[in-house]
1. For the stretch A:226-330, take N as its residue count and report Rg(C-alpha) divided by 2.2 N^0.38 Å.
2. Taking the 0 to 90 degree range and rounding to the nearest ten, how far is the long axis of helix B:313-325 tilted relative to the main principal axis of chain B, both from C-alpha atoms?
3. Not counting the cut sites, what is the longest span of chain A without GluC sites (Glu not before Pro) that DSSP labels loop and that have at most 11 other Cβ atoms within 10 Å?
4. Return one number: the angle in degrees, 0 to 90 and rounded to the nearest 10, between the long axis of the Cα atoms of helix A:55-67 and the longest principal axis of the Cα atoms of chain A.
5. Can you show me the helix-derived [θ] at 222 nm for chain A, built from DSSP H runs with n ≥ 4 at -39,500 (n - 2.57) apiece and divided by the number of residues, rounded to the nearest 500.
6. Apply the Karplus curve 6.51 cos²θ - 1.76 cosθ + 1.60, θ = phi - 60°, to the phi angles in the stretch A:182-194 and return the couplings in whole Hz, x for Gly and Pro.
7. When each copy gets a label point 7 Å from Cα toward the beta-carbon at B:Q106, what are the spacings between them in nm, shortest first?
8. Quick one: which residues, 5+ away or cross-chain, put their amide H under 5 Å from the amide H of A:R103? H built at 1.01 Å from N.
There are 2 protein chains.
Amino acid sequence: MSKPQPVTGDAMSLFGLVQPELNAVDRLIREVLTEEDPMVQRVADYLQQAPGKRVRPGLVLLGGHAARPKPETGRLVPIAAAVELIHLATLVHDDIIDRAETRRGQPALYRAFNEQVAVLTGDFLFARAFQLLAGTGHPEVVAAAADVVHTMCVGEIRQNLDHGRVATEAEYLRRIDAKTAQFLATSCRLGALAVDAPPAVREALTTYGWHVGMAYQLVDDLLDVVADPVRLGKAVAADFQQGVITLPVLYGLERVPEPAALAQALAEAQDPRRHAEAVRLLEQSGALDDVRALAERMAAEAVAALEPVPAGPAREALAVLARFVVVRDF
Amino acid sequence: MSKPQPVTGDAMSLFGLVQPELNAVDRLIREVLTEEDPMVQRVADYLQQAPGKRVRPGLVLLGGHAARPKPETGRLVPIAAAVELIHLATLVHDDIIDRAETRRGQPALYRAFNEQVAVLTGDFLFARAFQLLAGTGHPEVVAAAADVVHTMCVGEIRQNLDHGRVATEAEYLRRIDAKTAQFLATSCRLGALAVDAPPAVREALTTYGWHVGMAYQLVDDLLDVVADPVRLGKAVAADFQQGVITLPVLYGLERVPEPAALAQALAEAQDPRRHAEAVRLLEQSGALDDVRALAERMAAEAVAALEPVPAGPAREALAVLARFVVVRDF
């Protein structure tokens with residue numbers, strides 16, 4: 001069992017072990033987002049102006065390193081770049097779907113250009129990702145990536161057609177499984193596949209990634225409600241305002257004495273006073289503590305899942321990452 | 001050189017040689033469009049209510065048979081199904097982009113459900129396609145498919161951001177290259193790749209497919225202007241009304257004495273009298289004949305390109321198909 005180090009630093013320093021490869025991922029993304037046509041290049045440039053936290057490529061790389069110390073990184077870097085491009089594709093499409101105003105602190109792509117271009121840009125990013133995956137010559141890698149895109153789409157179609165129905169906890173968990181946990185599980189799995197890890201290690205990393213993904217999304221949904229909107233880079237309580245009930249809100253509505261008052265405060269959370277009121281109600285009800293506790297349990301299970309993975313700095317980094325995910329505030 | 005038979009029958013009978021495999025393609029599509037969730041299944045069912053002409057899977061299969069008589073069809077069928085799913089994905093997304101009302105005689109998917117579901121359904125179809133392609137264990141096949149999706153997206157992004165600018169003939173040809181010809185070329189190429197055809201045959205089939213694709217799109221753009229809207233299954237002059245200048249219209253506007261009168265008639269083509277007027281002006285100007293002649297030259301070049309392909313019924317069928325493409329009226 002890896003013993004987690006104290007949680008320090010940010011997501012970036014957690015990936016310090018694989019920083020050279022993360023830089024190579026960034027270079028490769030820049031390379032595949034280079035287009036002859038200047039108009040198309042404007043779109044490609046826009047995508048790169050506000051890079052994300054690189055959690056998924058970081059997991060591919062750390063997963064590969066943990067599965068096989070000193071791995072051949074020739075396959076890891078394109079796979080890591082591909083998962084980031086797939087993630088970016090889903091964000092571009094999700095922002096159209098959710099009518100999001102901003103993404104990573106700048107106007108969502110469909111607003112900066114138009115919806116048509118955003119639909120096409122998502123498809124373009126999927127194509128670029130599958131070109132990179134095909135280049136690894138490893139059909140299982142392509143299959144794993146296609147599988148997770150399928151899972152995410154089915155989950156979102158279901159969520160959309162289900163719109164307005166108040167979710168149960170089980171429905172919520174199924175939703176974040178499809179939305180996030182499967183993708184983080186696949187990222188770790190792809191790292192293991194890339195270095196031809198033994199099946200037990202591959203499955204262990206997949207289980208680790210799934211629990212980190214659940215923890216990550218639980219915290220994301222907490223932050224959607226409680227975070228400072230400036231630090232978060234987007235509006236607060238956006239999920240609720242789009243009719244999506246997340247676990248903190250679900251717990252809250254079940255427990256506060258006046259659910260309608262909470263719903264009202266959430267609906268008006270763009271007003272900082274109403275936002276503070278919603279957070280106060282949720283905090284008093286114990287909803288936020290319970291969601292935090294669940295996220296912490298998921299993180300602990302992630303760490304426990306690492307047992308079959310060879311001990312070493314990459315496994316340590318994964319364990320620290322699982323702990324970090326639940327204490328982050330952005 | 002194959003000597004084309006007289007053109008008879010419809011697209012279906014042209015694929016008669018590969019009908020058993022086309023039936024297997026349909027079964028496989030039905031299988032991969034089977035979803036556990038009943039709400040998601042409603043979307044999957046809707047996609048299958050109005051099957052298309054199966055031109056792309058037909059080309060994969062005929063290409064494979066032409067490249068290697070009596071081919072092992074285990075790889076051809078999933079690849080053929082995958083190209084149809086990719087085609088379907090692009091149609092679902094294009095209909096959102098073009099605000100199309102109908103597709104194949106029924107309301108476009110984004111109208112039957114909503115835009116969000118349509119964005120996700122396109123992504124879902126891409127994922128299903130790449131799952132099938134990965135299952136062939138042939139990375140070159142995955143790469144060829146990803147390449148053509150990339151090409152189509154870049155072409156469409158450029159077209160969208162270029163909106164409103166009157167195209168030149170060269171720009172028009174570049175557009176239909178990216179939109180259709182590359183995909184039909186890739187369909188034939190995938191057939192050759194699936195059966196490990198020699199490079200000369202693979203390239204010959206790719207060249208054939210490209211010319212058929214150019215001819216096909218030229219005729220599509222003619223039909224957009226001249227066809228019976230009922231037989232076509234969509235509104236006439238839809239391209240023009242969306243600001244897309246096709247070659248028949250481009251030639252017409254360059255040649256009619258009063259371009260504004262032609263533009264006006266096209267803009268009002270939902271009125272059958274105005275539609276007849278637009279067709280009369282275009283016909284008198286010689287624009288339609290010149291587009292037909294170009295389509296015929298492309299079809300002839302497609303047939304000529306088949307020379308290195310082994311003579312046999314599959315090559316014959318491809319030659320007939322090239323001829324058929326330019327005389328079809330739907």
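1. Numbers: Rg = 16.8 Å, N = 105, 2.2 N^0.38 = 12.9 Å.
Rounded to two decimals, the normalised Rg is 1.30.
2. The angle comes out near 20 degrees.
3. A:73-330
4. 50 degrees
5. Values: 18 runs with 234 residues, N = 330.
Helix contribution divided over all residues of chain A: -22500 deg cm²/dmol.
6. Once θ is set to phi - 60°, the couplings for the stretch A:182-194 become 5, 6, 5, 4, 5, 4, 5, 4, 5, x, 5, 4, 4 Hz.
7. With the label placed 7 Å along Cα→Cβ, B:Q106 yields 4.1 nm.
8. Hits under the 5 Å cutoff: A:A108.
The numbers here are math on the coordinates, done by the rules we state, and not lab data. This structure is a prediction, so every number in the text was calculated from the model and none was measured. Here the Cβ is made from the backbone with ideal geometry for all residues, glycine too, and neighbour counts use every protein chain on show.
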